[in-house]
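Novice: Can you read through this structure? Questions will come right after.
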Amino acid sequence: RRMTNDLERALRRVLQETPDVDAMFLSTPDGLLIAAVVHDSVEPDVVAAMASAAAGLAAQMASLLGLGPSPTTFVHGPHGGIGIRRVMGSAVLVVQGSPGRGVGSLQLSTGRLASRVEHILTNDSTG
């Protein structure tokens, strides 16, 4: 649990530095929640499971259609959007963009945050 707390603190710091992102989730590829920085009204375990399923489905669709590897999946609606991205093959990152942000902004934020999370996980610089 200590590692999870440290990771959540690191994610919270990253989130504070990214004003166009409202929440972040990190899960295992099979949908188990690792860490989350979210609003109280959100069920992180449910989002983690659904995001992992969406990432897997998107990868299968990209492969079936010959599109090549698809590192990120986006869902966008009138109240914001999410980017779902595999990180280091051992985790799935969900980035929830703020309302009013376009897909392009979400794409940039998701890529940047995925790099930051990879750095945190690789270097264990969570403390």
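The values are calculated or read from the model by the stated rules, or taken from the named source; none is laboratory data. None of the values given here were measured: they were computed from a predicted structure. Cβ atoms come from the backbone with ideal geometry, glycine included; neighbour counts cover every protein chain shown. Just so you know, the surface numbers come from the protein's heavy atoms only, side chains and all, with ligands and any DNA or RNA stripped out. Shrake-Rupley method; radii C 1.70, N 1.55, O 1.52, S 1.80 Å.
Novice: Where only protein heavy atoms count, and the probe is 1.4 Å, what is the accessible area per residue for region 47-93 in Å²?
Specialist: 56 Å²
Novice: Turning to a different aspect of this structure: Which order do peptides 17-30, 51-64, 84-97 fall in by mean Cβ count within 10 Å, highest first?
Specialist: Per-residue mean Cβ counts within 10 Å order the peptides as 84-97, 17-30, 51-64.
Novice: Okay, moving on. Please give the solvent-accessible surface of Ser105 in Å², to the nearest 10, using a probe radius of 1.4 Å with every protein chain present.
Specialist: Estimated to the nearest 10 Å², Ser105 gives 40 Å².
Novice: Could you work out the relative contact order of the chain? I mean the mean sequence separation of Cα pairs under 8 Å and 6+ apart, divided by the number of residues, in percent.
Specialist: 26 percent
Novice: Which shape class, rounded, prolate or oblate, goes with region 1-104 when its Cα gyration tensor gives a ≥ b ≥ c as root eigenvalues, a/c under 1.5 marks rounded, and past that a/b bigger than b/c marks prolate?
Specialist: Oblate shape, in that a/c is at least 1.5 and b/c is the bigger or equal ratio.
Novice: Quantify, in whole percent, the carbon and sulfur part of the accessible surface of region 1-81 (1.4 Å probe; protein heavy atoms only).
Specialist: Roughly 60 percent of what the probe reaches on region 1-81 is carbon or sulfur.
Novice: How large is the accessible surface of Ser70 in square angstrom, using a 1.4 angstrom probe and rounding to the nearest 10?
Specialist: Answer for Ser70: close to 50 Å² accessible.
Novice: Please give the charge dipole size of region 1-74, origin at the Cα centre, charges +1 on K and R Cβ atoms and -1 on D and E Cβ atoms. Round to the nearest 20 debye.
Specialist: Dipole size: approximately 240 debye.
Novice: Tell me what the chain gives for mean residue ellipticity at 222 nm when only DSSP H runs of n ≥ 4 count, each as -39,500 (n - 2.57), the sum divided by the residue total, rounded to 500 deg cm²/dmol.
Specialist: -15500 deg cm²/dmol
Novice: Might you report the magnitude of the Cβ-based charge dipole of the chain about its Cα centre, with Lys and Arg at +1 and Asp and Glu at -1, to the nearest 20 debye?
Specialist: Using Cβ point charges on Lys, Arg, Asp and Glu, the chain gives about 240 debye.
Novice: So for the pair Glu17, Leu108, with labels modelled 7 Å out along Cα→Cβ, what separation do we get in nm?
Specialist: Reported label-point gap for Glu17 and Leu108 is 1.7 nm.
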